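To start, the structure itself, in structure tokens.
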Amino acid sequence: FKDTATFTNGVEIPRLGFGVWQAKDGQEAYEAVTHALKSGYTSIDTAAAYKNEESVGRAIKDSNLPREELFITTKVWNADQGYESTLKAFDESLKKLQLEYIDLYLIHWPVADKYSDTWRALENLYETGKVRAIGVCNFHEHHLTELFKTAKITPMINQIELHPKLSQEPLRAFCEKHQIIVEAWSPLGNGKILTDSTIAEIAKAHEKSPAQIILRWDLQHGIVTIPKSVNAGRIAENTQLFDFELSAAEMAKIDALNEDHRTGPDPDNFNF
Ligand code: A2P
């Protein structure tokens, strides 16, 4: 699956990546990433806060895949935000991952009064060639507007909770207007939206699983998606998205499932 999205600087990110949030450090995360790389994923999304960067790094190293064929994302945690502390946190992530550069470095959450300075640090990392692209996560439109006031570089991507019950259409439109790629975390609603009857019906018609229907809906909307699984069968299942197509009517039916329903915290109201 070579399908990619292209950032404003020309760097490409695979549209389908592998998420490791909630994959436990040690054997679980190591084996999940190992299976994912064997199943053909080349993009891995981790974060300092997931506490599994060391296991992810070991799995990457042991895969013996050429570094340039991989796309590795990690994120600066809230407690490390600020200019100097972000630069330090970045070095720690790099060391844990055993890498010489990161493909995509992200601000994990919009910590008020901190994210503008944090962004300056990301701009510095970008300009010095330690990262190939920079972006944010969990930014509402108002956070982006605020960041634009001081940013030299517009965030290239915004990774947000996004799935059929939280389709984020207004924020997607805003990001599109500013050439910011949208990436979905918890694309399967943390596994909690797979029993929806509309999705089940569409799945049956295509002889696909509900997860495959949702991930295909992401791809057809141009959304970068990073499903998480620690199960070898489901890791492979989530890659089988390129041999079928949802009709416009099916896309519209899934669009209509939106309830603005979050499974995770609201970026305006988190305290961690
Ligand atoms: P598991 O890791 O046991 O496979 P999200 O990426 O939206 O946060 O969803 C992750 C959750 O969905 C996990 O609990 C994961 O469980 C489950 N999951 C991932 N892929 C599938 C699939 N193809 N079918 C059913 N459940 C899945």
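The values are calculated or read from the model by the stated rules, or taken from the named source; none is laboratory data. Since the model is a prediction, treat every value here as computed from it, not as a measurement. No Cβ is skipped: glycine too gets one built from the backbone with ideal geometry, and neighbour counts run over all protein chains shown.
Side notes on the structure shown:
Matching residues to (1) of a type in the set (A, V, I, L, M); (2) closer than 22 Å to residue 9 by Cβ; (3) touching a His at 6+ places or on another chain (Cβ under 6 Å):
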| site | (1), (2), (3) |
| --- | --- |
| 65 | yes, no, no |
| 69 | no, yes, no |
| 75 | no, yes, yes |
| 100 | no, yes, no |
| 113 | no, no, no |
| 165 | no, no, yes |
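- Search result, residues across region 18-32 that are within 14 Å of the ligand (Cβ to nearest atom) and either under 20 Å from residue 77 (Cβ atoms) or under 15 Å from the mean Cα position of the chain (by Cα) (or both): 18, 19, 20, 21, 22, 23, 24, 29
- Selected residue [surrounded by 19 or more Cβ atoms within 10 Å (Cβ to Cβ) and either assigned to a loop (DSSP other than H, G, I, E, B) or acidic (Asp, Glu) (or both)] from 105, 30, 41: 41
- Hey, residue 138 of a type in the set (S, T, N, Q), free of Cβ contacts under 8 Å to residues at least 40 places away in the same chain, crowded, with 16+ Cβ neighbours inside 10 Å and under 25 Å from residue 92 (Cβ atoms) or not: no
- When 241, 246, 194, 219 are checked against the criterion of being at pLDDT 95 or above and in a helix (DSSP H, G or I), 219 stands alone in meeting it.
- Only one of the listed residues (226, 254) is out of contact with any helix residue (DSSP H, G or I) (no Cβ under 9 Å at 6 or more places or on another chain), surrounded by 21 or more Cβ atoms within 10 Å (Cβ to Cβ) and of a type in the set (A, V, I, L, M). That residue is 226.
- Only a single item in (1) near the ligand (Cβ under 10 Å from one of its atoms); (2) more than 16 Å from residue 20 (Cα to Cα); (3) in contact with a His (Cβ under 6 Å, 6 or more places away or on another chain) is not met by residue 235, and it is number (2).
- Looking only at residues in region 162-191 that are in a loop (DSSP other than H, G, I, E, B) and within 16 Å of the ligand (Cβ to nearest atom), the one that is surrounded by the fewest Cβ atoms within 10 Å (Cβ to Cβ) is 165.
- Contacts under 7 angstrom Cβ, first residue in region 28-45 being on the phi > 0 side of the Ramachandran plot, partner surrounded by 23 or more Cβ atoms within 10 Å (Cβ to Cβ) and of a type in the set (Phe, Trp, Tyr), 6 or more apart: none
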